[in-house]
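Just below is one structure, and these are the notes that go with it.
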Amino acid sequence: MARPTTKLQLIDQSEENFKKLFGLINSLTVDEQEKSFSFDDRDKNIRDVLVHLYEWHQLLLNWVKSNSAGKKTSFLPEPYNWKTYPQMNVEFWKKHQTTFYQQAILMLQKSHAEVMSLIDTFTNEQLFTNKLFSWTGTTSLGSYCVSATASHYDWAIKKIKKHKKSLTDK
């Protein structure tokens, strides 16, 4: 699927991939949903994937809120940058090792709704005009939104499909 370049495509693809993600999850038994992945990865189970998505939603929401209020804020929190963000992802993983699976589902559903509401407050031009906001650097706000939603959901779908396949390969 092509990367969204309009508000409508962003909304449609984000909602479609979110539904696909939960359709895939719901195609598994509860035991399979909570089972550890059999492959080596930072994320050890579906809960870890869901809280990862949730944390990236929080990054987007906080970044847009702060910058829209005139408080210049980087997308990635200190001390992370685009070279060191994998370590930030590990910290997110550590942070949520006591988060229950059902809680992770609810957190992600709520943050998805918040992100979609946020996206809806912007026009197509505000989302997809490069450099329109000084705080988006050389890219567009929409590019960040795509990365935190549609593209990230696609990443999660692939990871969970790999898990599902590993369950039948035994």
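Working out 0.36 nm times the residue gap between Asp40 and Trp155, then minus their Cα-Cα distance, what length gain in nm do you get to one decimal?
Details: separation 115, 0.36 × 115 = 41.40 nm, distance 1.60 nm.
Gain on stretching Asp40 to Trp155: 39.8 nm.
Pairing the Cα long axis of helix 46-68 with the longest principal axis of the chain, what angle in degrees results, from 0 to 90 and rounded to the nearest 10?
Taking the Cα atoms of the chain, the angle to 46-68 is about 10 degrees.
Could you tell me how far the Cα centroid of segment 22-37 sits from the Cα centroid of segment 97-131, in Å?
If you average the Cα positions of each part, the centres end up 22 Å apart.
Among all the aspartates and glutamates, which ones have a C-alpha under 15 Å from Lys95's C-alpha, if same-chain residues fewer than 8 places away are not counted?
Correct list for Lys95: Asp43, Asp48, Glu55.
Tell me the mean residue ellipticity at 222 nm calculated for the chain from its helices only (DSSP H runs of n ≥ 4, each -39500 (n - 2.57), averaged over every residue, nearest 500).
Numbers: 8 runs with 111 residues, N = 170.
The helix contribution divided over the chain gives -21000 deg cm²/dmol.
Computed from the coordinates I sent, semi-axes √(5λ) of the Cα gyration tensor in Å equals one of [x] 30, 17, 17; [y] 21, 19, 16; [z] 29, 18, 14. Tell me the label.
[z]
Could you check the spin-label model distance between Trp82 and Ser117? Points 7 Å from the Cα along Cα→Cβ, value in nm.
3.1
Roughly how many Å² of Ser38 are accessible to a 1.4 Å probe, to the nearest 10?
For Ser38, solvent-accessible area is about 70 Å².
Could you work out how much longer the chain between Lys65 and Thr98 gets when fully extended? Use 0.36 nm per residue separation minus the Cα distance between them, nm to one decimal.
On the way: separation 33, 0.36 × 33 = 11.88 nm, distance 2.80 nm.
Stretched fully, the Lys65-Thr98 segment lengthens by 9.1 nm.
Taking 8 Å as the Cα distance limit and 6 or more residues as the minimum spacing, I'd like the relative contact order of segment 112-162 as a percentage. Could the numbers behind the result be given before it?
Working: 31 pairs, mean separation 11.9, N = 51.
Taking the mean separation of contacting Cα pairs over the length of segment 112-162, I get 23 percent.
Treating only the Cβ of Lys, Arg, Asp and Glu as charged (+1, +1, -1, -1), what charge dipole size does the chain show about its Cα centre? Round to the nearest 20 debye.
On the way: 23 positive and 18 negative charges, 52 e Å.
My answer is approximately 240 debye.
With a cut-off of 8 Å between alpha carbons and a minimum separation of six or more residues, what is the relative contact order of segment 1-119 in percent? The partial results should precede the final answer.
Details: 70 pairs, mean separation 36.8, N = 119.
Rounded, it is 31 percent for segment 1-119.
Just to confirm the filter: which chymotrypsin sites (Phe, Trp or Tyr not before Pro) across segment 1-45 are DSSP coil and have at most 12 other Cβ within 10 angstrom of their Cβ?
Working: sites: Phe18, Phe22, Phe37, Phe39; in loops: Phe37, Phe39.
Listed in order of number, the matching sites are Phe39.
The values are calculated or read from the model by the stated rules, or taken from the named source; none is laboratory data. Given the structure is predicted, the values throughout are model-derived calculations rather than measurements. All Cβ positions, glycine included, derive from the backbone under ideal geometry; neighbour counts span all protein chains shown. The accessibility values were calculated without ligands, DNA or RNA, using every heavy atom of the protein model including side chains. Shrake-Rupley method; radii C 1.70, N 1.55, O 1.52, S 1.80 Å.
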